[in-house]
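None of the figures in this text is laboratory data; all of them are computed from the coordinates on show. If you're wondering where the values come from, they're calculated on a predicted model, not measured in any experiment. Positions of Cβ are generated from backbone atoms using ideal geometry, with glycine treated the same way; all protein chains shown enter the neighbour counts.
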Amino acid sequence: MKTVISEPDCVSIQAAEHIKKLLAEKPDAVIALSVGKSQQGLFRRLAELYGEKMISFSKARFFVITELVGAEQEKSYRYAFKSGLADKTDISAEKCFFPDMDNYEQLDEKIEELGGIDLAVLGIGVNAHIGFNEPATPFDSRTHIQKLTNATRRQLADRFGGEDSVPEKGITLGIKTIIRARDIIVLAFGDEKAEAVFRMVYGRTEPYIPASYLQIPISVTAYIDRAAGAKL
Ligand code: GLP
């Protein structure tokens, strides 16, 4: 795993350049995206690049990596992806796939049918989850429904006006689904992520540290700010 540590703005710029390079080489790339606070700067930068005609998403296919079961529309990841990125660019609605209760069992097949994931863009939870693959998720997990840990529900409390209002379950692309991507980037900001980032890079590869599975794929780049990289 390669780690690139810089100032927060540079982290988003570098991640955007990574995506720009991929789409220049393969305009119809399949991109799986986590949609959290960590992706907000990236989305802003990608929208800017689109405005400057430096990038086009019109042929790209997107899978949003997670969804919350039972979240109202404005609090869903589908909405965050659409309002944060899709509506500001030429992303084509029919090329976007969102996990839901009706389709999640077919999503891995859909990904295979489209040729597999070219790039997975991840964040990391304070408990080192990736997507909603919480500690103890098996390595060979495919897209599934996941009971959320208290740590994760606390992380999402702001968005829902309190931990008790955060849905209890999420849907997530599985570890195996994510790990098979041909290229992976991870974004992390702030000192609250420093321990999780340390465990992702140096932790023993085991189910209690889902992000430690990212030590296995050949092509993984972690773009992190100085605070998140403080323990490396
Ligand atoms: C959330 C999401 C993940 C996200 C991670 C970090 O719970 N399910 O996909 O990458 O936790 O979130 P954030 O970037 O908001 O800190």
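Based on DSSP loop calls and a cut-off of at most 13 other Cβ atoms within 10 Å, the longest stretch of the chain free of exposed GluC sites (Glu not before Pro) is what? For GluC sites (Glu not before Pro) (loop position, at most 13 other Cβ atoms within 10 Å), the longest site-free span of the chain is 73-167. In the calculated pair distance distribution of segment 114-217, what percentage of Cα-Cα distances lie above 21 Å? Tail of the P(r) past 21 Å holds 32 percent of the pairs. Relative contact order, whole percent, for segment 16-160 stands at 26, derived from Cα pairs under 8 Å and 6 or more residues apart. Out of every Cα-Cα pair that the chain contains, those further apart than 27 angstrom amount to 27 percent. Take every pair of alpha-carbon atoms less than 8 Å apart whose residues are at least six positions apart; their mean separation over the length of segment 63-133 yields a relative contact order of 32 percent. Annotation: the residues Val220, Val126, sorted from fewest to most other C-beta atoms within 10 Å of their own C-beta, follow the order Val126, Val220. The trypsin sites (Lys or Arg not before Pro) of segment 17-100 meeting both criteria, a DSSP state outside H, G, I, E and B (loop) and at most 10 other C-beta atoms within 10 angstrom of the site's C-beta, are Lys53.
Packing around the peptides 204-213, 149-158, taken as the average count of other Cβ atoms within 10 Å per residue, puts them in this order, highest first: 204-213, 149-158.
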